[in-house]
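Inspection log for the structure reproduced underneath, given as structure tokens.
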Amino acid sequence: MADPVKLYDGGVFLLDGKELVAAKDAQGVAERDGRVLDPEAARCGTMAYGILEAHNTSGSMDQLKIRFDALASHDITYVNAIQTARASGMTEFPLPYVLTNCHNTLCAVGGTINEDDHVFGLSAAKKFGGIFVPPHIAVIHQYMREMQAGCGKMILGTDSHTRYGALGTMAIGEGGGELVKQLLNNTYDVAYPRVVAVYLEGAPVPGVGPQDIALALVRAVFNCGYVKNAVMEFVGPGVSSMTTDYRNGVDVMTTETTCLSSIWRTDEDTRAFLAEHGRADDYRELNPAPVAYYDGCVRVDLSAVRPMIALPFHPSNAFEIDELNGNLDELLAEVEQRALEIGGGRATLSLRDKIDSNGRLHVQQGVIAGCSGGTFTSVMQAARALRGKNCGNGEFALSVYPSSQPVFLELASNGAALELMQAGAILRTAFCGPCFGAGDTPANNGLSIRHTTRNFPNREGSKPGNGQLTGVALMDARSIAATAAAGGVLTPATDLPVDTWDEQVVYHFDASAYEHRVYQGFGAGNKDSELVYGPNIKDWPEIEPLADNILLRVASKIMDDVTTTDELIPSGETSSYRSNPLGLAEFTLSRRDPEYVGRAKEIAKLEAARLAGEAVPEVTPVFDALRGAGALEGVASAEVEIGSMIYAVKPGDGSAREQAASCQRVLGGLANITREYATKRYRSNVMNWGMLPFQLDGDPMFEVGDYVFVPGIRATLDGDLSRIPAWVVRADGSVEEIELSIAEMTPEEREIVKAGCLINYNRQ
């Protein structure tokens with residue numbers, strides 16, 4: 001079957017919301033219609049332009065300074081963000097700030113540590129005027145969809161899946177530093193992004209769900225970077241073939257494309273969704289102008305999408321389920337080979353042994369959960385697929401996590417929860433754990449199918465260093481339920497009778513769980529109220545400003561094509577230490593380079609000795625070599641700041657968690673050197689924590705233990721960043737001059753790095 005996703009080469013015009021015209025064909029269409037098709041003028045016709053313009057305070061649409069309408073964090077990000085904001089001088093939350101508790105929901109791993117964070121969060125909401133959503137009530141993005149998102153709004157969150165485009169909201173997931181700027185009445189600064197149309201036509205066939213469409217999109221655009229750091233604007237007649245709840249399931253997965261944000265045209269179904277949630281006033285119609293210009297276009301024939309599966313170890317490693325079933329041996333062998341690399345000789349993953357004598361693949365676990373899978377529509381369809389059937393009493397088990405208590409209430413009220421439980425599924429409360437390794441961790445060498453957002457290596461909780469490795473494949477809830485009904489034999493939902501999907505069930509929103517349990521404190525902060533600190537909650541350590549000259553020692557070198565934030569700082573059990581900067585830092589790169597922390601600490605000792613005015617004999621040969629090469633002229637060695645550095649080809653895919661950068665910083669990290677950054681959000685985290693985001697063309701010419709000397713770096717930050725001279729000093733004493741660069745930085749970002757971190761900058 002033809003690929004349902006087509007990428008256009010170059011820009012396109014969208015006429016009247018229906019006709020796509022490639023820029024190269026614009027002249028002929030202009031002559032036909034008598035319209036002026038000018039790209040610069042028509043850029044203003046996108047929905048994204050209008051929303052960004054309404055929130056921009058810079059006076060220039062080239063360099064945006066955005067103020068958001070609301071903020072959102074969960075319980076493994078809000079403690080650090082609030083601590084940073086307090087240290088920077090914040091006295092109140094100046095806009096609605098929602099603190100949810102959906103990641104460290106279970107307190108088993110950290111003991112009292114996790115619940116102490118929750119107590120801190122409630123005390124912060126009372127003191128500064130926040131909105132506090134207790135554990136088990138809602139996952140962060142479902143609450144924001146139900147209670148905060150609205151047409152034309154902008155929301156910033158400290159979770160990478162902050163996406164509410166299907167409700168007409170441009171939402172962005174960033175690290176805590178960017179959210180802190182909003183708490184301090186500062187702005188989110190970014191160059192005007194590329195805007196790429198996602199033109200939807202046709203309608204999904206019965207049994208195809210939002211995850212299927214999302215995986216088809218991710219497969220098409222991730223590896224080629226087609227929408228990297230762009231806004232994905234969903235247009236076309238196919239939008240209205242899906243309910244808003246269904247659209248939410250597609251929209252949240254746009255994060256896996258590495259786009260900046262998303263926005264969808266709105267319609268009467270959007271209005272109905274908002275009205276059902278008591279927020280009819282938050283609706284307005286959003287559509288592109290009669291002539292709108294896009295920097296690219298992803299054209300999707302929804303009717304051609306079939307049930308998909310993303311094999312380990314990335315959402316882009318996607319295939320039609322029928323395609324996989326027809327090529328099991330070949331495709332699973334490729335995953336096993338990748339698992340060998342991930343296991344590093346300590347762990348392996350075998351999948352072909354799960355093919356039975358009839359050539360069918362057996363999986364061991366199914367999970368439907370979180371902001372992508374736990375939506376009402378997806379859980380309802382799973383219940384329909386399992387009505388009158390059962391999951392069996394063998395190895396396979398199914399867990400279902402509705403995304404909020406209101407969703408759970410409706411499932412209980414209409415009988416769907418009963419049907420799922422009768423089929424043998426386990427229903428649990430709202431929790432993001434299965435998505436990042438804190439819940440439903442599979443057995444060693446198991447294969448889990450999940451309607452969640454990610455299947456990165458070890459994200460499900462396995463520990464290759466301890467000999468444990470499992471695999472997660474992403475699928476839609478409908479096909480997971482079909483597989484459950486087959487006792488764990490991989491089955492696409494389209495194999496079930498078409499009338500399985502006929503019944504349409506109306507959703508009734510019951511806000512009582514929110515009314516009775518959510519603390520609504522916006523605008524009612526009590527400055528005299530005390531913050532409640534548990535013993536694990538620690539302040540950020542003092543960080544020194546950037547010196548004029550720096551000497552970087554290579555503490556880790558990672559040559560993988562992409563390095564995820566889960567590899568930089570693991571998820572799962574480490575989440576319990578997210579409010580303890582030094583405690584969490586002990587886990588940095590633990591699953592990718594276990595020796596990194598020790599190396600970084602030894603390098604930090606060199607800098608501590610320098611600051612104390614002591615001799616640092618370990619680096620004397622380095623300075624001697626630099627002098628011999630004429631690279632240290634006029635620079636006293638005692639005035640050179642010493643810090644650690646990580647090289648990675650393309651780091652930062654995945655989570656927005658700022659700890660992926662802050663853990664490097666508190667261990668004495670001064671810089672990263674990369675070929676490119678996987679996402680804007682990770683690069684922003686690096687700069688907000690005072691580290692230099694260097695880039696290097698070609699392969700690195702240094703190894704772990706070598707040094708990189710960069711003179712005059714403060715002066716460089718005041719000028720041209722495209723050519724930065726530096727010198728490598730190798731273990732054998734040889735010296736080589738190299739050229740680094742830094743992509744564009746805003747004036748504020750340059751000053752933050754010079755100050756040493758965002759906290760120092762704000763104190764100044």
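No value in this document is a laboratory result; all are computed from the given coordinates. Owing to the predicted nature of the structure, the values given are computational and were not obtained by experimental measurement. Reconstructed Cβ throughout: ideal geometry from the backbone, glycine too, with neighbour counts over all protein chains shown.
Placing +1 on the Cβ of every Lys and Arg and -1 on the Cβ of every Asp and Glu, with nothing else charged, gives the stretch 1-69 a dipole about its Cα centre of roughly 140 debye.
Ranked by the mean number of other Cβ atoms within 10 Å per residue, highest first, peptides 403-409, 7-13 order as 403-409, 7-13.
Compute the orientation-averaged projected area for the stretch 136-191 from the convex hull of its Cα atoms and round it to one decimal in nm². It would help to have the intermediate numbers written out before the result.
On the way: hull surface 17.8 nm².
Dividing the Cα hull surface by four gives the mean projection, 4.5 nm².
Here r is the Cβ-Cβ distance between residue 732 and residue 582 and R0 is 35 Å; the resulting FRET efficiency, rounded to 0.05, is 0.50. Between residue 701 and residue 744, the distance separating the two model label sites (each 7 Å from Cα on the Cα→Cβ line) works out to 3.0 nm. Placing pseudo-labels 7 Å out from each Cα toward the beta carbon at residue 268 and residue 33 gives an inter-label distance of 2.6 nm.
Per residue, the convex hull around the alpha carbon atoms of the stretch 618-764 comes to 117 Å³.
Annotation for the stretch 415-491 versus the stretch 1-65: alpha-carbon center distance of 40 Å. For residue 189, nonlocal amide neighbours, meaning residues 5 or more places apart or on other chains whose placed amide H falls under 5 Å from its own, are 66. Listing 542, 174 from fewest to most neighbouring C-beta atoms within 10 Å gives 542, 174. Positive-end ranking of 648, 628, 617 along the dipole of the stretch 569-663, with charges on Cβ about the Cα centre, is headed by 648. Counting only DSSP beta bridges with both residues in the chain, tell me the antiparallel percent, nearest 5. Expressed as a percentage, antiparallel bridges in the chain total about 40. For a modelled paramagnetic label at residue 224, 7 Å from Cα along Cα-to-Cβ, the residues of the stretch 1-23 in reach, with backbone nitrogen under 15 Å, are 3-12. In a fully extended conformation the segment linking residue 287 and residue 498 would gain 72.6 nm over its present Cα-Cα distance, using 0.36 nm per residue.
Could you give the length gained by full extension between residue 627 and residue 18, i.e. 0.36 nm per residue of separation minus their alpha carbon distance, to one decimal place? Present the calculation step by step, with values, prior to reporting the outcome.
Numbers: separation 609, 0.36 × 609 = 219.24 nm, distance 6.60 nm.
Computed gain between residue 627 and residue 18 is 212.6 nm.
Counting neighbouring Cβ atoms within 10 Å and putting the fewest first, the residues 559, 242, 61 line up as 559, 61, 242.
Label the stretch 566-620 by shape, choosing from rounded, prolate and oblate, from the square roots a ≥ b ≥ c of the eigenvalues of the Cα gyration tensor; if a/c is under 1.5 it is rounded, and otherwise prolate applies when a/b is larger than b/c, oblate when it is not.
Details: a/c = 5.28, a/b = 2.17, b/c = 2.43.
It comes out oblate by the Cα gyration axes.
Cross-link list 6/354; 463/557; 557/680: which exceed 30 angstrom alpha carbon to alpha carbon? Before the final figure, lay out the partial values.
Details: 6/354 34 Å; 463/557 21 Å; 557/680 21 Å.
With Cα atoms farther than 30 Å apart: 6/354.
Mind running the shape call on the stretch 352-450? Use the C-alpha gyration tensor, a ≥ b ≥ c as the square roots of the eigenvalues: rounded below 1.5 for a/c, prolate if a/b tops b/c, oblate otherwise.
On the way: a/c = 2.47, a/b = 1.46, b/c = 1.69.
Here the stretch 352-450 falls in the oblate category.
With R₀ set to 56 Å, the beta-carbon distance separating residue 718 from residue 352 gives a calculated FRET efficiency near 0.45. Neighbours of residue 355, meaning other residues whose beta-carbon lies under 15 angstrom from its beta-carbon, give a summed charge of -4 when Lys and Arg score +1 and Asp and Glu score -1. Net charge around residue 679, counting only other residues with Cβ within less than 9 Å of its Cβ (Lys, Arg = +1; Asp, Glu = -1)? So the surrounding residues net to +3. Beyond 26 Å in Cα-Cα separation lie the following of the pairs 126/538; 65/153; 153/754: 153/754.
Dipole check for the stretch 650-764: with +1 at the C-beta of Lys and Arg, -1 at the C-beta of Asp and Glu, and the Cα centre as origin, the magnitude is about 580 Debye. Using a simple spin-label model with pseudo-atoms 7 Å out from Cα toward Cβ, residue 7 and residue 531 lie 4.4 nm apart.
Under the definition of Cα pairs under 8 Å and six or more residues apart, what whole-number percent is the relative contact order of the chain? For the chain, the relative contact order is 15 percent. Calculated FRET efficiency, residue 395 to residue 340, Cβ-Cβ distance, R0 = 22 Å: about 0.35 to the nearest 0.05.
Under Stokes-Einstein, with the Kirkwood radius over Cα pairs standing in for Rh, what whole-number D in µm²/s applies to the stretch 55-177 at 10 °C and 1.306 mPa s?
This corresponds to a translational diffusion coefficient of 106 µm²/s.
Assuming a ≥ b ≥ c are the square roots of the Cα gyration tensor eigenvalues, decide whether the stretch 386-444 counts as rounded (a/c under 1.5), prolate (otherwise, with a/b larger than b/c) or oblate. Intermediate values should be presented prior to the final figure.
On the way: a/c = 3.96, a/b = 1.12, b/c = 3.53.
Here the stretch 386-444 falls in the oblate category.
The ranking of 250, 98 from fewest to most other beta carbons within 10 Å of each one's beta carbon is 98, 250. Based on DSSP H segments of at least four residues, each scored -39500 (n - 2.57), the chain has a per-residue ellipticity at 222 nm of -8500 deg cm²/dmol. From the Kirkwood radius over Cα pairs of the stretch 167-292, Stokes-Einstein at 37 °C and 0.692 mPa s returns a whole-number translational diffusion coefficient of 207 µm²/s. Both the radius of gyration and Dmax for the chain are 25.8, 81 Å, in that order, over alpha-carbon atoms.
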